[in-house]
Amino acid sequence: MLVGEGIVSADQIDRVLAAQRRSGARLGELLVAMGLATETQVTKCLAAQYRLPVVHLDEVHPHPDALNQIPAYNALHSLVLPVKMDNGALVCVIADPLELDTLDQLSTTLRLRIVPAMATASELHDAIAYYYGLDVPRKAVVEVQEVRRKKPEASDRDSLIAALDQSYAFLNSRGLAA
């Protein structure tokens, strides 16, 4: 889609795919890291691919009832911003449409249908911090998300637990942990 939009060339995609095979990173993350596409361009393409709306978080004002559905720690940890209740469903803004496990867990835990929309990860982090009144730098969350994304095997579980513990301890020290 990015090639079709004229954002990157086929040769650039081939280079990024080779880097992806070596690193295991996501294609969009590599495109942004290599300066070939912006986070917004990648998000728009992902949203189009998965037929999800893109939300501009500076235009959204989450309803308190929606925010109360997901504790601050969980919202920040999963990069999910609940914005409104709509006919028995919870509309949530996400950064990664491939995090289906997160959406399934939310749906099961809350006993609500989850309706996803998308925004960039950086916008989403900032909005979660703002609406939940958190003072948490992005760096404090990135480590946990990177470990989570790896789909931890037995040897990685300790890393995930350590990263989660550090994140929880950081939020708990500020009275923000659920």
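The values are calculated or read from the model by the stated rules, or taken from the named source; none is laboratory data. Not measured: the values here are computed from a predicted model. Ideal geometry is used to build each Cβ from the backbone, glycine not excepted, and the neighbour counts take in all protein chains shown. Just the protein is used for accessible areas: all its heavy atoms, side chains included, with ligands, DNA and RNA removed. Shrake-Rupley method; radii C 1.70, N 1.55, O 1.52, S 1.80 Å.
Things to note:
- Accessible surface of residue 3 - all protein chains present, 1.4 Å probe, nearest 10 Å²: 70 Å²
- Taking all protein chains together and a 1.4 Å probe, the residues 77, 125, 61 rank 61, 77, 125 from largest to smallest accessible area.
- Working from Cα pairs under 8 Å separated by at least six residues, relative contact order for region 82-141 is 31 percent.
- Region 67-141: C-alpha gyration tensor shape, a/c 1.5 cut-off, then a/b vs b/c: prolate
- Length gained when the stretch residue 40-residue 130 is fully extended (0.36 nm per residue, less Cα-Cα span): 30.4 nm
- Long-range Cα-Cα pairs in region 11-64 (distance over 13 Å), rounded percent: 65 percent
- Per-residue SASA entry for residue 23, accessible area with 1.4 Å probe, Å² rounded to 10: 70 Å²
- Label point of residue 25 set 7 angstrom out along Cα-Cβ; within region 85-110, amide nitrogens under 18 Å from it belong to 96.
- Reference-scaled alpha-carbon Rg (2.2 N^0.38 Å with N residues) for region 1-121: 1.18
- Potential extension, residue 100-residue 17 segment - 0.36 nm per residue separation minus Cα distance: 27.6 nm
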